Amino acid sequence: MNSELLIELSNADSIASNEDEVRKILYRECAPYCDEVYCDKLGSIIFHKKGTSEKPLKIMFCAHIDEVGFMVRHISDIGFLYLTAIGGVQAKSKEMQMVRIKTKDGRKIEGLLNVTKDDKGNVKDMYVDIGVDTCQEVKDLGIDIGDMVCFASQARQLQDKVYAGKAMDDRSGCYCMIEAMKQLPKEVENDLYFVGTSSEEVGVRGGKIASHVIEPDVVFALDVANNPELVKNYTNHRLIGKGPMIVHYDKTLSPNIKLLQYVKELANTSNIPYQSDMFGGGGTDGGNSHLERGGRLALVLGIPLRYCHGSYSFVHSDDLDNLIQLVKNLALDLTYEKYFSFIDFLGGCRND
């Protein structure tokens with residue numbers, strides 16, 4: 001377990017379209033292990049490891065580099081910063097939380113996030129107190145409307161295998177993608193693309209554009225899902241420490257059934273524990289990326305988190321290690337012949 005890397009990824013601040021901090025970490029970690037690196041025009045960073053096969057299968061693994069957070073919307077006369085949320089921040093994480101504002105020149109200024117509520121108890125306005133009393137003092141610090149605001153959380157190891165930090169959605173997916181890439185042999189048969197996608201939290205945008213650019217045959221989205229922490233019975237398929245989730249359905253993606261079964265069988269033969277999950281709502285980069293250029297096969301591989309989209313989330317290192325192994329095995333085991341068997345939709349018709 002590369003604890004230092006996971007903690008560094010969590011502590012980096014990157015909301016949609018303001019993702020330089022995470023992009024730089026991915027470049028540093030992944031560039032030595034690929035043949036080319038480039039970005040699409042949305043800001044997703046693409047690492048290409050070329051396959052040695054005459055006609056390699058194109059496989060895209062992606063994890064998004066943005067996080068839920070905030071942006072400065074107003075600066076009041078009395079020196080408070082009013083915010084708008086960027087992505088679906090948990091309502092209970094908007095009160096009495098330390099946050100940090102990143103100025104245009106790269107400085108980070110901390111303050112206390114609080115809220116006002118309507119008569120039904122719903123959050124009405126979010127504001128940050130940085131300890132000054134006038135609008136001019138705020139501006140003198142270099143803070144301006146549009147500046148990025150993130151939770152001022154500091155990631156740490158809680159127990160032997162449990163880590164807490166902000167933005168584990170989806171820095172934990174980024175971590176698995178990085179470490180899987182490092183463990184691959186120097187030469188591989190398939191054309192492999194590892195993509196840090198932009199702007200997932202504001203409409204699952206990055207996977208769509210990256211898929212359009214790359215034209216992969218198969219897409220695996222490495223993302224997360226929230227574990228309802230008080231439920232530990234048969235209805236909870238997102239228990240931390242029990243293995244990554246192989247996602248059978250969400251409202252944006254019903255994956256190819258043959259691909260789904262193949263991944264489950266590969267996990268079983270590789271002795272990789274997993275949980276079979278379904279989402280009643282929501283979606284990931286897999287949902288949009290599979291609709292590009294006549295359709296792409298896609299599947300979501302999930303990491304269970306506690307307290308997702310909050311100021312801290314919990315993640316278990318066993319789940320990360322097992323997902324890394326699954327990603328590596330998929331990259332090496334999946335072949336063009338297997339891929340064509342997944343999309344041979346007429347085969348069953350002819351056999352009837």
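General observations
- Taking packing as the residue-averaged number of other Cβ atoms within 10 angstrom, the listed peptides 50-56, 225-231 run from highest to lowest as 225-231, 50-56.
- Using a Förster distance of 41 Å, the FRET efficiency for E54-T103 (Cβ separation, nearest 0.05): 0.20
- Taking the 1.4 Å solvent-accessible surface of the chain as the whole, the part contributed by carbon and sulfur is 49%.
- Theoretical FRET efficiency, 1/(1+(r/R0)^6), r = Cβ-Cβ of K92 and E4, R0 22 Å, to 0.05: 0.15
- Whole-Hz ³J(HN,Hα) from phi, Karplus 6.51 cos²θ - 1.76 cosθ + 1.60, for region 113-123, glycine and proline x: 7, 9, 9, 10, 10, 7, 5, 9, x, 7, 4
- Looking at the chain, the accessible area is 44 square angstrom per residue; that uses a 1.4 Å probe and ignores ligands, DNA and RNA.
- In degrees, nearest ten, helix 168-183 long axis to first principal axis of the chain (Cα): 40
- Spatial offset of region 292-309 relative to region 76-144 amounts to 31 Å, using the alpha carbon center of each.
- Charged side chains reduced to their Cβ positions (Lys and Arg at +1, Asp and Glu at -1) give the chain a dipole of some 460 debye around its Cα centre.
- The distance linking region 311-352 with region 32-52 is 21 Å (Cα centroid to Cα centroid, whole angstrom).
- Working from Cα pairs under 8 Å separated by at least six residues, relative contact order for the chain is 22 percent.
- Cβ-based net charge around Y193, under 9 Å, with every Lys or Arg adding one and every Asp or Glu removing one: +1
- E36 versus K186: modelled label distance in nm, points set 7 Å from Cα along the beta carbon direction: 2.2
- Using a Förster distance of 22 Å, the FRET efficiency for M278-L230 (Cβ separation, nearest 0.05): 0.65
- Here's how it looks for A225: its modeled amide H is under 5 Å from those of I303, L305, which are all 5 or more places away or on a different chain.
- Additional length obtainable on full extension of the chain from E110 to I78, 0.36 nm per residue less Cα span: 9.8 nm
- Full-extension gain in nm, D144 to D321, via 0.36 nm per residue minus C-alpha separation: 59.6 nm
- The angle between the Cα long axis of helix 317-333 and the longest principal axis of the Cα atoms of the chain comes to about 40 degrees, rounded to the nearest 10.
- For GluC sites (Glu not before Pro), the sites in region 159-213 that DSSP calls loop and that have at most 15 other Cβ atoms within 10 Å are E187.
The values are calculated or read from the model by the stated rules, or taken from the named source; none is laboratory data. Nothing here was measured: the structure is a model prediction, and the numbers come from that model. In this analysis, Cβ positions are derived from the backbone assuming ideal geometry, glycine residues included, and neighbour counts consider all displayed protein chains. Note: accessible area is taken over every heavy atom of the protein model, side chains too, but ligands, DNA and RNA are not part of it. Shrake-Rupley method; radii C 1.70, N 1.55, O 1.52, S 1.80 Å.
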